[in-house]
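Written below as structure tokens is the structure these notes are about.
The values are calculated or read from the model by the stated rules, or taken from the named source; none is laboratory data. Source: prediction; values computed, not measured. Because the Cβ atoms are built from the backbone with ideal geometry, glycine has one as well, and the counts that use them run over all protein chains shown. Keep in mind that these areas ignore ligands, DNA and RNA; they rest on the heavy atoms of the full protein, side chains included. Shrake-Rupley method; radii C 1.70, N 1.55, O 1.52, S 1.80 Å.
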Amino acid sequence: MTSSAASIRRPLPPRPHALDPDVLLTPAQPRWDSARLAWNLAVDQRPAAIGAPRTAEDVVALIAFARESGLRVAPQATGHNAAPLTGLEGSMLLKTSRMRTVRVDPQARTAWVQAGALWMDVAPLACEHGLAPLSGSAPDVGVVGYTLGGGLSWLARRYGLAANSVRRAEVVTADGRMLEVDSEHEADLFWALRGGGGSYAVVTALEFGLYPVDAVYAGALVWPLDRAAEILGAWIHWLAQVPDEVTSVGRLLRVPPMPELPPAISGRDLVAIEAAFIGDADSGGRLLAPLRALHPEIDTFTVMSTEALGALHMDPPEPVPVYGDGMLLSTLAHTGIDNVLDVAGAHARSSLLCVDLRHLGGAVGREPAGGGAVSSIDAEFAAFAVGMVPDEDVREQVAADVDAVTAALGRWDARRAYMNFAERSRSGDKLFGEEVHARLAQVKRIYDPDDLIQANHPVSPATS
Ligand SMILES: Cc1cc2nc3c(=O)[nH]c(=O)nc-3n(C[C@H](O)[C@H](O)[C@H](O)COP(=O)(O)OP(=O)(O)OC[C@H]3O[C@@H](n4cnc5c(N)ncnc54)[C@H](O)[C@@H]3O)c2cc1C
């Protein structure tokens with residue numbers, strides 16, 4: 001089925017008995033408009049139908065209905081990366097948000113989560129047992145979407161991409177089979193799911209490893225934005241000395257005035273270094289000394305639980321309208337920082353809420369044995385620029401400002417892109433490299449030759 005064929009609208013067949021109106025939503029239902037929202041409120045999703053499964057059996061029934069109706073199936077947990085998911089007119093949006101059961105096995109050090117689980121569902125349960133998942137910066141990001149795309153956590157430089165910790169997946173295939181997938185069963189599909197995105201099957205549950213980290217020394221150091229050249233320059237220098245136990249982010253922030261924020265940051269333009277250190281406060285304090293010597297206005301470093309790490313990056317706690325995009329940087333010289341500051345620093349008229357530079361390397365750069373499609377990242381930094389887009393006019397300005405950051409860093413662009421921070425379409429070769437992309441296309445051909453499953457960063461079935 002091609003997307004153009006699927007996009008020809010035709011009336012949906014009658015609702016089968018197995019699918020009650022709560023599980024299969026159509027545009028006539030009162031809940032329709034709230035059901036089609038993505039976390040990114042700037043994305044206007046207009047599918048032909050919405051599936052809201054409670055169980056894997058519901059997923060099987062919804063896939064059967066979609067096939068019969070000539071619809072594609074687009075799995076989505078939260079819509080954090082909904083921006084590149086286009087052409088939904090001929091699709092069923094499969095919202096997994098009612099499937100949020102999580103089980104932690106402290107002895108095996110694993111978590112089993114259903115398709116719609118968020119990191120905020122997993123981290124507290126793991127934390128109770130002194131364990132940590134490789135969760136991302138925002139607690140409301142979906143575990144499955146994040147993990148299928150790689151997964152960069154606050155513990156990334158020590159433990160690598162989250163995709164490498166997956167032990168097993170439960171999926172429903174495009175032809176409606178429920179499969180258990182691991183390194184010994186459906187090994188090609190298991191390989192593709194770990195970093196290759198969501199093109200191959202609907203994941204109904206994932207099991208992954210947890211790590212014995214019960215607390216970290218973490219926080220943020222903050223200065224006025226006009227010191228950004230000096231602070232980011234010192235940060236880059238500092239990175240050369242830090243062990244893999246430290247994962248950090250350099251940020252340019254234009255914080256909107258908000259009464260709920262402390263006056264020290266509300267409405268201010270700032271430069272910040274956020275970091276998490278797997279270790280105690282004394283060693284962490286020694287590591288931080290060169291940055292503290294720059295006299296930050298704010299210093300929030302303290303020993304915290306790994307659950308509390310969810311608040312460190314100050315990601316929006318609710319759905320918001322945003323426009324952003326990211327890129328991987330092979331390295332970052334001082335001239336790169338100067339270039340970024342020309343377009344997003346204190347003296348630039350930038351509409352961006354923040355520009356983040358995440359330090360990679362360590363275990364993120366090391367290929368583990370038996371890894372999946374994307375098991376390491378060959379780049380030193382991941383950059384991401386984002387702004388709020390309450391309306392269309394602002395959107396144009398924010399998009400131009402995101403482009404300006406991308407252009408400013410163009411000289412350091414790594415060969416590849418990181419799927420989770422790609423909020424605009426990228427070619428499969430850019431995301432995976434030619435060889436891995438070709439292998440993913442073969443896996444897609446085996447498991448979904450009709451291209452029923454529709455991903456935000458799609459891999460099409462190989463033609464030969
Ligand atoms: C505020 C914010 C903070 C973030 N922080 C981090 C971070 O720290 N580290 C990081 O690596 N990334 C981070 N991200 C990026 C995030 O990991 C991606 O946006 C990811 O795709 C989100 O997954 P989701 O399921 O929530 O999103 P969705 O938009 O719901 O899903 C994205 C895609 O995943 C696939 N998918 C989802 N569920 C299924 C399923 N059950 N079966 C098959 N395919 C499925 C689909 O192709 C879908 O289009 C952040 C994003 C935001 C907006």
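Rounded to the nearest 20, the Cβ-based charge dipole of the stretch 123-186 about its Cα centre (Lys and Arg +1, Asp and Glu -1) stands at 340 debye. On a per residue basis, the stretch 373-433 carries 44 Å² of accessible surface, using protein heavy atoms and a 1.4 Å probe.
Could you point to the residue in W223, S350, A404 farthest towards the positive end of the chain's charge dipole, with +1 and -1 charges on the Cβ of Lys/Arg and Asp/Glu respectively? So the residue we want is A404.
Between D269 and D413, the FRET efficiency estimated from the beta carbon spacing at R0 = 30 angstrom works out to 0.70. Accessible area per residue for the stretch 81-121, computed on protein heavy atoms with a 1.4 Å probe, is 37 Å².
Computed on the Cα trace of the stretch 111-200, the radius of gyration divided by the Kirkwood hydrodynamic radius gives Rg/Rh = 0.97. Centroid-to-centroid, using Cα positions, the stretch 442-464 and the stretch 26-80 are 20 Å apart. Dipole magnitude for the stretch 272-373: computed about the Cα centre from +1 point charges on Lys and Arg Cβ and -1 point charges on Asp and Glu Cβ, it is near 240 debye. Taking one quarter of the surface of the convex hull spanned by the alpha-carbon atoms of the chain gives a direction-averaged projected area of 21.4 nm². Listed peptides 410-419, 449-458 appear in the order 449-458, 410-419 once ranked by packing, highest mean of other Cβ atoms within 10 Å at the front. Heavy-atom accessible area for M327, with the other protein chains in place and a 1.4 Å probe, reaches approximately 20 Å². Put +1 on the Cβ of every Lys and Arg and -1 on every Asp and Glu Cβ in the stretch 278-382; which of T331, I278, M304 then has its Cα farthest towards the positive end of the dipole? Sorting the options by dipole projection puts first T331.
These residues, T26, T147, T463, go from largest to smallest accessible area, 1.4 Å probe, as T463, T26, T147. From the square roots a ≥ b ≥ c of the eigenvalues of the alpha-carbon gyration tensor of the stretch 46-95, which class results: rounded (a/c under 1.5), prolate (a/b over b/c), or oblate? Verdict is oblate for the stretch 46-95.
Simple rule: put +1 on each Lys or Arg Cβ and -1 on each Asp or Glu Cβ in the chain, find the dipole, and look at L261, S199, G145; the Cα lying farthest toward the positive end is S199. Remark: the stretch 7-72 carries 50 Å² of accessible area per residue (probe radius 1.4 Å; ligands, DNA and RNA excluded). Working ranking of peptides 114-127, 347-360, 275-288 by packing, defined as the average number of other Cβ atoms within 10 Å per residue, highest first, is 114-127, 347-360, 275-288. With all protein chains in place and a 1.4 Å probe, the accessible surface of the chain carries 53 percent carbon and sulfur. About its Cα centre, the dipole of the chain is roughly 620 debye, where the only charges are +1 on Lys and Arg Cβ and -1 on Asp and Glu Cβ.
Using alpha carbons only, the radius of gyration of the stretch 153-268 set against its Kirkwood radius gives Rg/Rh = 1.15. Computed on protein heavy atoms with a 1.4 Å probe, the accessible areas place W154, W112 in the order W112, W154, largest first. Classify the stretch 323-464: rounded, prolate or oblate, from the alpha-carbon gyration tensor (a ≥ b ≥ c, eigenvalue square roots; a/c under 1.5 rounded; otherwise prolate if a/b is larger than b/c)? It comes out oblate by the Cα gyration axes. What whole-number value in cubic angstrom gives the convex hull volume per residue for the C-alpha atoms of the stretch 1-121? About 122 Å³ per residue, rounded to a whole number. Using 0.36 nm per residue and subtracting the Cα-Cα separation, the extra length available between R349 and D393 on full extension is 14.3 nm. Spatial offset of the stretch 281-336 relative to the stretch 164-230 amounts to 22 Å, using the alpha carbon center of each. For the chain, the relative contact order works out to 18 percent when only alpha carbon pairs closer than 8 Å and six or more residues apart are counted.
What is the stretch 237-310's relative contact order, in percent, from Cα pairs under 8 angstrom and six or more apart in sequence? Value for the stretch 237-310: 29 percent.
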